[in-house]
Structure formats: structure tokens, C-alpha cells
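> Would you mind keeping the following structure in view while I ask a few things?
The values are calculated or read from the model by the stated rules, or taken from the named source; none is laboratory data. The structure presented is a predicted model; accordingly, all values stated were derived computationally and were not measured. Cβ: placed from backbone, ideal geometry, glycine included. Neighbour counts: every protein chain shown.
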Amino acid sequence: MKIVGLSGSKVGSKTRTAMDYTINYINENYPEADVTLIDLKDYDVQFSDGRNFLEYEGDTGYVARTIMEADAVVIGTPIFQASIPATLKNIFDLLPEQAFLDKVVSILVTAGSSKHFLIPEQQLKPILSYMKAQIVQTYVFIEEKDFYRKEITNEDILFRLQRLVEDTVSLTETYQKIREAKEAQYGF
Amino acid sequence: MEKYRIDPSKGLEFGLYTLGDHILNPETGNRISAQQRLKEIIELAKLADQAGIDFFSVGESHQDFFTTQAHTVVLSAIAQATKNIKIASSSTIISTLDPVRVFEDFATIDLISNGRAEIIAGRASRVGLFDLLGYNIHDYEDLFEEKFELLQKINEEEVVNWNGQFRAPLKNAKILPRPLNGSLPIWRAVGGTPTSAIKAGFAGVPMFLAHLGGPVSVFKRSIDAYRSAAENNGHDPSQLPVATAGFFYAADTTLQAQQETYNFINEGMKLTNGRGFPKQHFAQGSDPRNVMNIGEPELIIEKILYQHEQYGHQRYIGQMDFGGVPFDKLKRNIDLIGTKILPAIKKHTAKK
């Protein structure tokens, strides 16, 4: 199972911190999973110009291809100006229309205010649905107060991240089985 | 229709096309050489000609996993190897070529083939060739429109005066040789959306509509939009031919046809497009209302006739060699087309 952790912003450290916890949980509990962390801070990704994702070069090509090859993607995103950051939206724009078909996508969110709680529900999930993702419905919403100096201090968040990882892996496995069973019936 | 060398009384034209892909056979893991692939494409055209198939065309893709970049050269070899079949490009990426050279090539092929050459001009679904051939992808739209217009002008006028943005001006330029009967049929290649079909209709040029999968009724919208745009702009839609292009494969049973194509199409799409063809969508392809003409000959005949009834089009062309399908399977298809499918289509669509 190929899992990509996508940290969707170039700003700040909280999303990356939460992603690091998440990746650690995957590595500890599912050592057979092939995990790649993409922190957009580390890559020079160009804006989408509409070409097929295979035709991007350099970092842009690497990021797009790595996501396309994944069975599951854990997206970590902050909330800026009551929305997802442009860096993350650009990743969606780089990919084809049905990029997440047969992929499981789960979400963790860091935000400066609890007023942002519904933003993933109302802005991120519609994008993922449009791109045909199998979404892990429950996301982990993490606030400023849950962090202290690049650590998550709220234990409840830690448990929720563990559950997010479990749900991502078991949904991916289950979905794969459902698909295989369905495809076996076609006979070709 | 005569201008485009189409005689509606003979019924729906049936053709084959190849993109010239050069992909390993996913079932054996082997890839034939580029030379063998080219020779097989020429041989396929020859067999299609002998089976009475109306049309054969070759595409131009400048990227990995393709081998007919010099598609006019391949078409020229096909012109020499065949007698009656119409030959064309599917498509010529006019945006990144010089319309003068394109016209010279196709007019020459027309003379070699005794008046059988046509051009289908498209805009490219991938952009690598813009870098390769020295064009800017930001001019994607404008390049196509300007060069397509120039190509048409050369086709209509032997002495051309022209000024544009992307090519040196032409002053009293004689573009030679001229095609056998004065002009070539030039089609505009159109993807799935009505927007692009409307442009073709507005310009009053014949339309080649690609349709890989999905309901006939959706593609009918593009054809209807094309005809009404033509009419609104003063063209007579009854004089403008429409052709469709999509997946084709015949075998003794529909299941066998699916078994013999799915891996090839799925793996081929992964290599050239980055995404496979979902099995669920492919399975729905066998529904008579779906455009995908893959199945037993009876199903294919039913589908093509249904498409003809809905579209009122003049030509259908099928792609059956995508993704490294072995040549003996293609030969078997030509047999089934020649003995079963083609006679039935002609019988039901030709005017009595």
C-alpha cells in the first residue's frame, strides 16, 4: 500500500508537526506500508498551466506523479483567510479531473480559530468528491492551543490522529477488496 | 458533400485509425521494434484496403511510446501500398507545423494515391511538442486558429497572399503541387466538449469528433451544437460531413473482445496519459447506448447503426491497435469487419 502524506502549505510549522505524528503512526503500526511525505515547503512547484501531469518536470512532476501513484493520501492543511492555502489548491489543479478515483483521501487540519471548523467540510471535501476520492469522513481538526513548541500537547488530538491513520489504512484495504471483488465479476 | 469526397448514397463510411503508439504488449512484456510497428501499420492499411474498408488514418504524437511522429511519411508509404482506401492523418497537429509544408506533403500524397488524401487537423492533447518544435504553449489557441485558417486558404487558393503572427508573410506565393481534384478534404479534430464543436461549426468546416467512452446521447449534443452553430453562421449543415472516432474491437463474443482489449487499453492509457481506464467504466462500454464499439460483431453492428441513427454522421472510424495489441489479432479484426460488420453497415445505411 502506497501512502502519501501531503503537507499543503509553505507557511508555519503546525501542519508539518501534525503530519510528522501521522507519518510516525503509520510507520509504527503499518511497517509494510510504503510511505512518502511531501511537504510543499521543500519543493518548488509551479502553477498549473493545464498540461497533462506527466509533462511537468522537476519538483512539479515529482509531486504530481508521486500523488498519482498513491493508494491513499493523507492531506494536512492549515486554514488561511477562511480557506485552504493556494499551494494546496494548486496541487489539485495540477492533477487530472478524476485523479483520486480508486484512492482513499483523509484530512487533518490546523487552524488558528475554531471558527474554521467547517471549512474542510465545505471547501476541501467538495474538491475531493469532484476528483472522485473515497474520503475518510471524519477529519482531525487541530487548533493553535493544542500545540506547544512543535509538539502536540493535547492527548485527545493524538488519539484522533491514531484513529485517522487506522481509518485511512482500513478503508484503503477494504476499498481495494471491494473493487477487486467487483472487477472479478466482469470476467475480463 | 461532394467537395469532401463523400457520397451519402453509399451509406456510412467505415474506417480505422491508429495513433501510431508503440507500447509493450502488457501480457507478454515484450515490445516490438519501432521499425516492425511502422511496417505493421502499413500492412494493416493494406489489409484494410483489401477488405473494402473506406478509410485509414495515422496520428502524430511527439512523445515516448509513439512511433509515427513523421506521419506524412508513413501515409505516403500507405498511399503506395494501397489502391482504394482513403488515407488521412488523425490528427495532424497543425499548431506546431508550417501549413505550407503540411499542404505540400498532403497534396503530394493525394497525387501518389490518385486523390485519396485528407487532412484532419488538431490541437494536440499533450504539450511536449510545443517545446520540441519551438513553440510557446501559451499560444495554444491562437497557433491552431491562425494556422488552420492558413491551411484552408492554401487549399482554396493556389496563389496565396497572407499575413499572420506565427509565420513569415506569403506574397503571391504559389503553393504546389495541387491536389488531384483541386482541393483536399480538411477536417477539424474536436474533443468531447460542445465548445470545440461549436467553433468547427461556426467556421463551417467538417468535424471529426473523438469519443472514447460514454453515452451516445452526450456526444450527440456536440454534433447538434456543431450543426446549429454552422447554420447560425450561414453554412448549410447538410453539406458538412461529421465523423466520429473511438475504440473498436471485434471478437467472437463480447466477453472475449473485452478480455482481449482491456489490459491493452488500460496499460496504454497509463503510459500515455498517466491514468488507466477504470474497469467499471469499461464494463459499461458494452451497453448498446455507449459509444465504445467493442464486442461481438452483432453488438458492434447494432451500436454503429444506433450511433448513425442518432448522429446522422457520414463516417465512423475505429481504433483497435492501441496499447500493443498483437498483429494477428488485428488481422482477425479485419476479417470480421470485412465479412460481417462492413456488409451489414452498408446494407442498412446505403440508399437503395
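Residues checked against (1) within 14 Å of chain B (Cβ to nearest Cβ); (2) closer than 30 Å to residue A:115 by Cα; (3) buried (at least 19 other Cβ atoms within 10 Å of the Cβ); (4) touching a residue at least 24 places away in the same chain (Cβ under 8 Å):
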residue: A:32; (1), (2), (3), (4): no, no, no, yes
residue: A:57; (1), (2), (3), (4): yes, no, no, no
residue: A:60; (1), (2), (3), (4): yes, no, yes, yes
residue: A:81; (1), (2), (3), (4): no, yes, no, no
residue: A:104; (1), (2), (3), (4): no, yes, yes, yes
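> Is segment A:118-129 home to any residue that is surrounded by 19 or more Cβ atoms within 10 Å (Cβ to Cβ), farther than 20 Å from residue A:14 by Cβ and under 13 Å from the mean Cα position of the chain (by Cα)?
Among the residues of segment A:118-129, at least one is surrounded by 19 or more Cβ atoms within 10 Å (Cβ to Cβ), farther than 20 Å from residue A:14 by Cβ and under 13 Å from the mean Cα position of the chain (by Cα), which makes the answer yes.
> A follow-up question, please. Mind telling me which of the residues A:96, A:85 ends up being within 14 Å of chain B (Cβ to nearest Cβ), under 30 Å from residue A:57 (Cα atoms) and modelled with pLDDT of 95 or more?
On the way: A:85 fails: within 14 Å of chain B (Cβ to nearest Cβ).
None of the others qualify; the one that does is A:96.
> Here's something else I'd like to know. I need a count of the residues in segment B:186-204 that are surrounded by fewer than 22 Cβ atoms within 10 Å (Cβ to Cβ) and at negative phi.
First, pick out the residues of segment B:186-204 that are surrounded by fewer than 22 Cβ atoms within 10 Å (Cβ to Cβ): B:191-196, B:198-199, B:202-204.
Applying the additional criterion that residues be at negative phi yields B:191-196, B:198-199, B:202-203.
Going through segment B:186-204 one residue at a time, the tally reaches 10.
> Here's a follow-up. Given (1) over 20 Å from the mean Cα position of the chain (by Cα); (2) assigned to a helix (DSSP H, G or I); (3) over 30 Å from residue A:94 (Cβ atoms), identify the lone condition not met by residue B:342.
(1)
The rows are residues; the columns are (1) touching a Gly at 6+ places or on another chain (Cβ under 8 Å); (2) of a type in the set (Val, Ile, Thr); (3) without any contact (Cβ under 8 Å) to a residue 60 or more places away in the chain.
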position: B:1; (1), (2), (3): no, no, no
position: B:23; (1), (2), (3): yes, yes, no
position: B:46; (1), (2), (3): no, no, yes
position: B:90; (1), (2), (3): yes, no, no
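Let's see how each residue does on (1) surrounded by fewer than 24 Cβ atoms within 10 Å (Cβ to Cβ); (2) in contact with a strand residue (DSSP E or B) (Cβ under 9 Å, 6 or more places away or on another chain); (3) away from every other protein chain (no Cβ under 14 Å):
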{"site": "B:72", "(1), (2), (3)": "yes, yes, yes"}
{"site": "B:81", "(1), (2), (3)": "yes, no, yes"}
{"site": "B:101", "(1), (2), (3)": "yes, no, yes"}
{"site": "B:113", "(1), (2), (3)": "yes, yes, yes"}
{"site": "B:120", "(1), (2), (3)": "no, yes, yes"}
{"site": "B:130", "(1), (2), (3)": "yes, no, no"}
{"site": "B:134", "(1), (2), (3)": "yes, no, yes"}
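> Go through the residues of segment A:13-23 one by one and say whether even a single one is free of Cβ contacts under 8 Å to residues at least 60 places away in the same chain and either away from chain B (no Cβ under 14 Å) or closer than 30 Å to residue A:177 by Cα (or both). It would help to see each step written out before you state the result.
At the first step, the residues of segment A:13-23 found to be free of Cβ contacts under 8 Å to residues at least 60 places away in the same chain are A:20, A:23.
Checking the rest, the ones that are also either away from chain B (no Cβ under 14 Å) or closer than 30 Å to residue A:177 by Cα (or both) come to A:20, A:23.
Yes, because at least one residue in segment A:13-23 is free of Cβ contacts under 8 Å to residues at least 60 places away in the same chain and either away from chain B (no Cβ under 14 Å) or closer than 30 Å to residue A:177 by Cα (or both).
> Here is a further query. So, in segment B:259-275, of the ones that are facing another protein chain (nearest Cβ under 9 Å) and modelled with pLDDT of 95 or more, which residue ends up surrounded by the most Cβ atoms within 10 Å (Cβ to Cβ)?
B:261
> Would you tally the residues in segment B:83-99 being crowded, with 24+ Cβ neighbours inside 10 Å and within 18 Å of residue B:157 (Cα to Cα)?
Going through segment B:83-99 one residue at a time, the tally reaches 1.
> Related question: Among the listed residues A:132, A:150, A:145, identify the single one that is touching a residue at least 24 places away in the same chain (Cβ under 8 Å) and more than 30 Å from residue B:281 (Cα to Cα). Full working, then the answer.
Numbers: A:132 fails: more than 30 Å from residue B:281 (Cα to Cα); A:145 fails: touching a residue at least 24 places away in the same chain (Cβ under 8 Å).
After applying the criteria, what remains is A:150.
> Tell me, which residue of segment B:140-164 that is farther than 30 Å from residue B:64 by Cβ and in a helix (DSSP H, G or I) is nearest to the other protein chains (Cβ to nearest Cβ)? Lay out the reasoning, then the answer.
We begin by selecting, within segment B:140-164, every residue farther than 30 Å from residue B:64 by Cβ; these are B:149-150, B:152-164.
Now narrow it down to the ones that are in a helix (DSSP H, G or I): B:149-150, B:152-156.
Details: B:149: 23, B:150: 25, B:152: 26, B:153: 29, B:154: 30, B:155: 30, B:156: 33 Å.
Top of the filtered list is B:149.
> Here is a check on your reading of the model: is residue B:246 out of contact with any Lys or Arg (no Cβ under 7 Å at 6 or more places or on another chain) and modelled with pLDDT under 95?
Details: out of contact with any Lys or Arg (no Cβ under 7 Å at 6 or more places or on another chain): yes; modelled with pLDDT under 95: no.
In short, no.
> Another question about this same structure. For residue B:317, all conditions in the list (1) within 11 Å of chain A (Cβ to nearest Cβ); (2) aliphatic (A, V, I, L, M); (3) farther than 17 Å from residue B:255 by Cβ; (4) within 19 Å of the chain's Cα centre (by Cα) hold save one; what is the number of the exception?
Status for residue B:317: all satisfied but (1).
> List pairs: first residue in segment B:124-139 and under 16 Å from residue B:66 (Cα atoms), second residue basic (Lys, Arg) and assigned to a loop (DSSP other than H, G, I, E, B) anywhere in the structure, Cβ distance under 7 angstrom, at least six positions apart or on different chains.
B:127/A:51
> Within segment B:148-171, does at least one residue satisfy the condition of being within 29 Å of residue B:319 (Cβ to Cβ), of a type in the set (Val, Ile, Thr) and surrounded by fewer than 22 Cβ atoms within 10 Å (Cβ to Cβ)?
no
> Quick one: residue B:220 ticks every box in (1) within 20 Å of the chain's Cα centre (by Cα); (2) free of Cβ contacts under 8 Å to residues at least 40 places away in the same chain bar one, so which box is it?
Result: residue B:220 passes all but (2).
> Do we find that residue B:82 is closer than 30 Å to residue B:145 by Cβ and not basic (Lys, Arg) in this structure? Please lay out each step first, then the result.
Working: closer than 30 Å to residue B:145 by Cβ: no; not basic (Lys, Arg): yes.
No: the conditions fail for residue B:82.
Residue-wise test of (1) closer than 28 Å to residue B:271 by Cβ; (2) outside any strand (DSSP E or B); (3) out of contact with any His (no Cβ under 9 Å at 6 or more places or on another chain); (4) among the hydroxyl-bearing types (Ser, Thr, Tyr).
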residue	(1), (2), (3), (4)
A:15	no, yes, yes, yes
A:37	yes, no, yes, no
A:41	no, yes, yes, no
A:46	yes, yes, yes, no
A:49	yes, yes, no, no
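> Something else: Among the numbered criteria (1) touching a helix residue (DSSP H, G or I) at 6+ places or on another chain (Cβ under 9 Å); (2) within 14 Å of chain B (Cβ to nearest Cβ); (3) not aliphatic (A, V, I, L, M), which single criterion is violated by residue A:43?
Checking residue A:43 against (1) touching a helix residue (DSSP H, G or I) at 6+ places or on another chain (Cβ under 9 Å); (2) within 14 Å of chain B (Cβ to nearest Cβ); (3) not aliphatic (A, V, I, L, M), the one that fails is (2).
> Restricting attention to segment A:168-184, does a residue exist that is more than 14 Å from every other protein chain (Cβ to nearest Cβ), under 20 Å from residue A:110 (Cβ atoms) and without any contact (Cβ under 8 Å) to a residue 40 or more places away in the chain?
First, pick out the residues of segment A:168-184 that are more than 14 Å from every other protein chain (Cβ to nearest Cβ): A:168-174, A:177.
Next, from what is left, pick out any that are under 20 Å from residue A:110 (Cβ atoms): A:168.
The next check asks that each one be without any contact (Cβ under 8 Å) to a residue 40 or more places away in the chain; those that pass are none.
Scanning segment A:168-184 turns up no residue that is more than 14 Å from every other protein chain (Cβ to nearest Cβ), under 20 Å from residue A:110 (Cβ atoms) and without any contact (Cβ under 8 Å) to a residue 40 or more places away in the chain.
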